[in-house]
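Throughout, read-outs are computed from the coordinates displayed, never taken from laboratory work. Computed from a prediction, not measured in an experiment: that's the story for all the values here. Cβ sites come from the backbone with ideal geometry, for glycine too, and all protein chains shown count toward neighbours.
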Amino acid sequence: MKTTIISREVALKKNIYNILPKEKLFDDLGCVHWSTMTGKMFGKRAIGRPMTDRCQPRHEIPGCICQKCYATRINQIYPAVGQALQRNRDLSPEDVYDHPPVFHLNNDLTWRSNWNGDYQDERDVLVDFAICSVVNYATCTSWTKNPDIIERVESKMPSNYTFVHSNPMINDVDFDRHPLSRASFNIFTADFAIENDININCIGACRLCKRCYGEQKHKPKVVNELLKSDEAKYLKLIGIIQ
């Protein structure tokens, strides 16, 4: 069984997240609402958006990861988060150029888009392109289930922008990622991963892993993660924890 996973439970026990330095990330936040990430994404620069018109229909599809959407729960529990994400949706590329963010130069000049939500339309994508333009010394990786929206503005895509095509279906081994994407991102249950010898290669801390960020050369084209509620079960099944 191939596995390189470090679950959140194990990471916390080993104090992995706490030994990562708390680096200064920005000299100027600009007009963008940047989220302070915790857990496996501790220390990553990231922006999120609200859910899109495509989200609710996916909630009705059996076996779709959207049925387990944590974004819905976060927005219900923390209304202020939803309001902040909406401010990102309301941005235009001109806003970014008028009041650009400035990253503090450190060892991880990468950022993530769509930690929450997804692209609603081309303007969302062009806002990311604008951020890439003003912080051209850093690279962006976006997660999206809507690559067709990116494709519409492909001609404007900057070289420091990449995206991961997020598979909407759980336990799907036949997913064809979009040809413009750097990788596919797939979710598996513990039982399915064991029974089908799935290589779970999404480890605990993004800043330590870097599979999905930065230079694409020699990086995997398929990234597999466990369903979050199944991590402990999986580790018990493979004998790492009791």
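For S166, what residues show an amide H to amide H distance below 5 Å, using hydrogens built from the backbone and excluding near sequence neighbours?
Placed amide hydrogens put T144, K145, F185 under 5 Å from S166.
Which whole-number percent gives the relative contact order of the chain, counting Cα pairs below 8 Å spaced six or more residues apart?
Normalised by residue count, the contact order of the chain is 23 percent.
P(r) tail for the stretch 14-146, what percent of Cα pairs lie past 20 Å?
Here the tail beyond 20 Å accounts for 48 percent of pairs.
Could you sort 107-119, 83-95 so that the peptide with the highest average Cβ count within 10 Å comes first and the rest follow in order?
Put in order of decreasing packing, that is 107-119, 83-95.
Note down the relative contact order for the stretch 102-242 as a percent, whole number, built from C-alpha pairs under 8 angstrom at least six residues apart.
20
Taking θ as phi - 60°, what are the ³J(HN,Hα) couplings along the stretch 25-35 by the Karplus curve (6.51, -1.76, 1.60), each to the nearest whole Hz, with x for Gly and Pro?
With coefficients 6.51, -1.76 and 1.60, one gets 9, 9, 9, 8, 6, x, 8, 8, 8, 9, 8 Hz.
In sequence order, what are the phi-derived ³J(HN,Hα) couplings for the stretch 205-210 according to the Karplus relation 6.51 cos²θ - 1.76 cosθ + 1.60 with θ = phi - 60°, rounded to whole Hz, with x for glycine and proline?
Computed from phi, the couplings for the stretch 205-210 are 10, 4, 5, 8, 8, 6 Hz.
Holding the Cα-Cα limit at 23 Å, pick out from K44/K221; K22/K228; K40/K219; K22/K219; K145/K228 the pairs that are longer than that.
K22/K228; K22/K219
For helix 122-134, what angle does its Cα long axis make with the longest principal axis of the chain, in degrees from 0 to 90 and rounded to 10?
The two axes meet at around 80 degrees.
Roughly how many debye, to the nearest 20, is the charge dipole of the chain about its Cα centre, given +1 on each Lys and Arg Cβ, -1 on each Asp and Glu Cβ, and no other charges?
920
May I ask which residue of A130, A46, Y119 lies farthest towards the positive end of the charge dipole of the stretch 22-157, with charges of +1 (Lys, Arg) and -1 (Asp, Glu) on Cβ and the Cα centre as origin?
Of the listed residues, the answer is A46.
Before rounding to the nearest 500, sum -39500 (n - 2.57) across all DSSP H runs of length at least 4 in the chain and divide by the residue total; then give [θ] at 222 nm in deg cm²/dmol.
Working: 11 runs with 76 residues, N = 242.
So the calculated ellipticity at 222 nm is -8000 deg cm²/dmol.
Working from Cα positions, state the angle (0 to 90°, nearest 10) between the long axis of helix 79-89 and the longest principal axis of the chain.
60
Taking 8 Å as the Cα distance limit and 6 or more residues as the minimum spacing, I'd like the relative contact order of the stretch 172-229 as a percentage.
46
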